[in-house]
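What follows is a single structure, written as structure tokens, with notes after it.
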Amino acid sequence: MKRIILLFISSLLTAALSAQTMMFEIQEIKVKDFAEQDILAAYETCCADMKPNGGFGLQRYEFGGDNGMTHRLVYYWELGEDLWEGTNMGEKFDLWSAQMDNYVEEWGERYMGRSLSRQAGTNEDYNLTHIWDFKTDNPNQFKTAHDKIVKTFKKENEGRWIAFGTYDVNYPNGATHWVGVSGFSEWELVALYDKMQNQSEFIKLIAERGKTEDVRDYMVENLITFN
């Protein structure tokens, strides 16, 4: 029986790592037909009382899922901390992962990374997230320009979750970095892009990010989050 393998072993993290940096792990899955609600119910039954130091969520691919994958399990926590500190993680996740085998048709890729720059989302209606995976020649240059974009267009980005980060384990499709932005819907996000791309300052800052190579983009909807 294939089980969810969690890489939450805080003893492997050295004291030199910054506790201010968020890290994440993502497990892609192909959910059996009509089993999405069963997954949500199974987690609620076994684990809803567990309070992570970071968070856990189930997301559905709305656009761009690779290899037939339909959903993602997302875990995030502060680098150097234990996501499930003080909880009976092992026993409860054994129960949940055993149930998951009844609802998951196929287990996809699993990868890990860090969030190097982020704006917390405050608008609960922005439940769709557009993510771009890419390669960049100069991550520091990219981050500087990215942060300028978020700051310069504060009004347009108000309430949105916006982040830039790395892939550090099992680069998905060869991507080394990613950028994400949340919105109300795919139409609302496209309207945002149109508005910003018609402003010369935005085009200038996009160019300042340096050379990049697009790998893929996709959209996910947040179905449930525990944090």
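Please treat every number below as a calculation from the coordinates, not as lab data. These figures come from a predicted structure and were not determined experimentally. Positions of Cβ are backbone-derived with ideal geometry, glycine not excepted, and every protein chain shown enters the neighbour counts.
Numbers below:
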item: Sorted by Cβ density within 10 Å, fewest first, the residues Tyr43, Tyr218; result: Tyr218, Tyr43
item: Of Ala191, Ala175, Ala42, the one that fluctuates the most in a GNM where the chain has Cα springs shorter than 10 Å; result: Ala191
item: Computed label-point distance, nm, for sites Asn67 and Leu223 using a 7 Å Cα→Cβ extension; result: 2.0
item: Spatially near lysine pairs across the stretch 123-227, Cα under 19 Å, sequence gap of 8 or more or different chains; result: 16
item: Net charge of Cβ neighbours under 15 Å - reference Gln37; Lys, Arg +1; Asp, Glu -1; result: -3
item: Under 5 Å, built H, 5+ apart or other chain: amide partners of Glu109; result: Glu28
item: Packing rank of 199-211, 153-165, where each peptide gets the mean count of other beta carbons within 10 Å, highest leading; result: 153-165, 199-211
